[in-house]
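Chemist: The structure's right below; bear with me while I get my questions together.
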Amino acid sequence: MKLLILGGTQEARELAEKAINLPNIELKVSLAGRTNKTVISQQTRVGGFGGITGLIKYLEAENIDLVVDATHPFAAKISYHAAIAAEKLGLPRLMLVRSEWKSVTGDKWVEVENTQAAVDILPNISKRVFLTIGRQEVTAFNQIENIWFLMRMVEKPSEDNILPKGLLLLERGPFSRDSEKQLLQKHNIDTIVSKNSGGNATYAKIVAARELGIKVVMVKRPMLPEGERVEDVEGALEWVERVRS
Ligand code: NAP
């Protein structure tokens, strides 16, 4: 059976490493190619499919039997495309979505629906902001005046993206709670803007904010399609075993 993993997350990488050893499973992994450091293996393809039609064509041409959508919780478009394409071709599809962070005592979260809502609220509540939402949407903040931004992302945005005024850090997690606390204190940060990505790799900043009494503007997850879902790699492996037998 041929399994397509839609990837771009740590969980997708781990699933691929394990699924490749399953007997009678042929593996394909698809990545959007959002970073230049994308690791390509023999099983990997990179880049968009060309919408739903392109994805359907790909699934047919490659004779894919099963689809695991292990994309990032904020990559909703590809998840809807996968849902529609799999439905059309009658292919079993699973979503592997890590659980979201929940606020606990001591957290000072302001939850907002999307990035634009974060842009709208910041001038009322912040002066020095740590922006950790990735490079794709950072330019949405460049119209804000009177706020200084510390921005952290894995890779630099392209030249035509005008960044908000502040300091850019190019770093990849995981980060420790202590280093996050030091960073927040060094730059006198009063607010963090974060997506509710979930997982451990970037959770240290949330703990650091709690311990320092710093606000977190938390962007809620977008809606994802209906369908079977698991939260971890083990669950996805069990699903693959079950569906193919
Ligand atoms: P998206 O909005 O769901 O997808 C946009 C388009 O990218 C899709 O329509 C598809 O193009 C292509 N695409 C996405 N994932 C793909 C995959 N695994 N294989 C092949 N093509 C893929 O996702 P996004 O624009 O990549 O990201 C949206 C948000 O997700 C970001 O702002 C960020 O917060 C978060 N995120 C994404 C990734 C990632 O690897 N994608 C990683 C970390 C965080 P076609 O329509 O042409 O098929």
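Chemist: Amide H to amide H under 5 Å from Met95: which residues, 5+ apart in sequence or cross-chain, H placed 1.01 Å off N in plane?
Modeler: Asp69, Glu228, Arg229, Val230
Chemist: Just want the answer: with Cβ charges of +1 for Lys and Arg and -1 for Asp and Glu, which residue in Leu59, Leu224, Ser197 is farthest toward the dipole's positive end in the chain?
Modeler: Of the options given, the answer is Ser197.
Chemist: Test of the criteria: in the range 181-245, which trypsin sites (Lys or Arg not before Pro) are in a DSSP loop and have at most 14 other Cβ atoms within 10 angstrom of their Cβ?
Modeler: Working: sites: Lys181, Lys186, Lys195, Lys205, Arg210, Lys215, Lys220, Arg229, Arg242, Arg244; in loops: Lys220.
Answer in residue order: Lys220.
Chemist: Once the piece of chain linking Arg177 and Trp148 is laid out straight, how much longer is it, given 0.36 nm per residue of separation minus the C-alpha distance between them? Don't skip to the answer; put the middle values down first.
Modeler: Working: separation 29, 0.36 × 29 = 10.44 nm, distance 2.26 nm.
Taking 0.36 nm per residue and subtracting the Cα distance, the gain is 8.2 nm.
Chemist: If you don't mind, another one. Could you give the Stokes-Einstein D for the chain in µm² per second, using the C-alpha Kirkwood radius, 20 °C, 1.002 mPa s? Before the final figure, lay out each step's value.
Modeler: Values: Rh = 19.3 Å.
It comes out at roughly 111 µm²/s.
Chemist: Then there's this: Taking N as the number of residues in the range 18-115, what is its Cα Rg relative to 2.2 N^0.38 Å? Before the final figure, lay out each step's value.
Modeler: Working: Rg = 16.5 Å, N = 98, 2.2 N^0.38 = 12.6 Å.
This ratio for the range 18-115 stands at 1.31.
Chemist: Where does the range 76-116 land on Rg(C-alpha)/(2.2 N^0.38 Å)? Working shown, then result.
Modeler: Details: Rg = 16.2 Å, N = 41, 2.2 N^0.38 = 9.0 Å.
Against the empirical 2.2 N^0.38 Å value, I get 1.79 for the range 76-116.
Chemist: Check Val110: other-chain or 5+ apart residues with amide H under 5 Å from its amide H, H built from backbone geometry?
Modeler: Amide H to amide H, under 5 Å and 5 or more residues apart or across chains, Val110 pairs with Val216, Val217, Met218.
Chemist: Could you give the dipole magnitude of the range 108-219 about its Cα centre, charging the beta-carbon of Lys and Arg +1 and that of Asp and Glu -1, in debye to the nearest 20?
Modeler: Details: 15 positive and 13 negative charges, 84 e Å.
Once rounded to the nearest 20, the dipole reads 400 debye.
Chemist: Sticking with this structure for a sec: Specify which residue in the list Pro92, Gln143, Ser103 is farthest towards the positive end of the charge dipole of the chain, using unit charges on the beta carbon of Lys, Arg (+1) and Asp, Glu (-1), about the Cα centre.
Modeler: Projecting each Cα onto the dipole axis, the largest value belongs to Gln143.
Chemist: In the range 113-188, which GluC sites (Glu not before Pro) fall in coil by DSSP and have 12 or fewer other Cβ atoms within 10 Å?
Modeler: Values: sites: Glu113, Glu137, Glu145, Glu155, Glu159, Glu171, Glu180; in loops: Glu113, Glu137, Glu145, Glu155, Glu159, Glu171.
Here the GluC sites (Glu not before Pro) that fit, given the DSSP loop and packing criteria, are Glu113, Glu145, Glu159, Glu171.
Chemist: What does the extension gain come out to for Ile162 and Thr35, with contour length at 0.36 nm per residue minus their alpha carbon separation? Intermediate results must be reported in sequence, preceding the final value.
Modeler: On the way: separation 127, 0.36 × 127 = 45.72 nm, distance 1.88 nm.
My answer for the length gained is 43.8 nm.
Chemist: Read phi for every residue in the range 170-187 and hand back ³J(HN,Hα) as whole Hz from Karplus 6.51 cos²θ - 1.76 cosθ + 1.60, θ = phi - 60°, with x for Gly and Pro.
Modeler: 9, 8, 10, x, x, 10, 8, 4, 5, 5, 5, 4, 4, 4, 5, 6, 4, 9
Chemist: What accessible area per residue, rounded to a whole number of Å², is obtained for the chain using a probe radius of 1.4 Å? Spell out each step's value before the answer.
Modeler: Details: 12760 Å² over 245 residues.
Value for the chain: 52 Å² per residue.
Chemist: With +1 on each Lys and Arg Cβ and -1 on each Asp and Glu Cβ, and nothing else charged, work out how big the dipole of the chain is about its Cα centre, in Debye to the nearest 20.
Modeler: Taking the Cα centre of the chain as origin, the dipole is about 560 debye.
Chemist: Find the centroid of the Cα atoms in the range 163-206 and in the range 42-61, then give the distance between the two in whole Å.
Modeler: 34 Å
Chemist: What is the spin-label model distance, in nm, from Thr53 to Val104 if the labels are put 7 Å beyond Cα along the C-beta direction?
Modeler: About 5.0 nm separates the two model spin labels.
Chemist: Starting from the Kirkwood Rh over alpha-carbon pairs, what translational D in µm² s⁻¹ does the range 108-219 have by Stokes-Einstein at 20 °C and 1.002 mPa s? Numbers along the way, then the final one.
Modeler: Working: Rh = 13.9 Å.
So the translational diffusion coefficient is about 154 µm²/s.
Chemist: 222 nm [θ] for the chain, helices only, -39500 (n - 2.57) per DSSP H run of 4+, per residue, to 500?
Modeler: Values: 7 runs with 77 residues, N = 245.
For the chain, the value works out to -9500 deg cm²/dmol.
Chemist: Relative to the longest principal axis of the C-alpha atoms of the chain, give the angle of the C-alpha long axis of helix 233-244, reported between 0 and 90° and rounded to the nearest 10°.
Modeler: 20 degrees
Chemist: Please list, ordered by chain and number, the residues whose modelled amide H lies under 5 Å from the amide H of Ile5; skip anything fewer than 5 residues away on the same chain.
Modeler: Hits under the 5 Å cutoff: Lys28, Val29, Ser30, Val68.
Chemist: In addition: Suppose R0 equals 51 Å; then what is the FRET efficiency for Glu62 and Gln116 from their Cβ-Cβ distance, rounded to the nearest 0.05?
Modeler: On the way: r = 37 Å, r/R0 = 0.73.
Calculated transfer efficiency: 0.85.
Chemist: Of Lys127/Lys156; Lys18/Lys57; Lys57/Lys156; Lys156/Lys205, which ones are farther than 30 Å apart at the Cα?
Modeler: Numbers: Lys127/Lys156 24 Å; Lys18/Lys57 27 Å; Lys57/Lys156 33 Å; Lys156/Lys205 21 Å.
Over 30 Å apart, Cα to Cα: Lys57/Lys156.
The values are calculated or read from the model by the stated rules, or taken from the named source; none is laboratory data. Small disclaimer: the values here were computed from a predicted structure and weren't measured. Cβ sites come from the backbone with ideal geometry, for glycine too, and all protein chains shown count toward neighbours. In case anyone asks, the SASA skips ligands and DNA or RNA and just uses the protein heavy atoms, side chains included. Shrake-Rupley method; radii C 1.70, N 1.55, O 1.52, S 1.80 Å.
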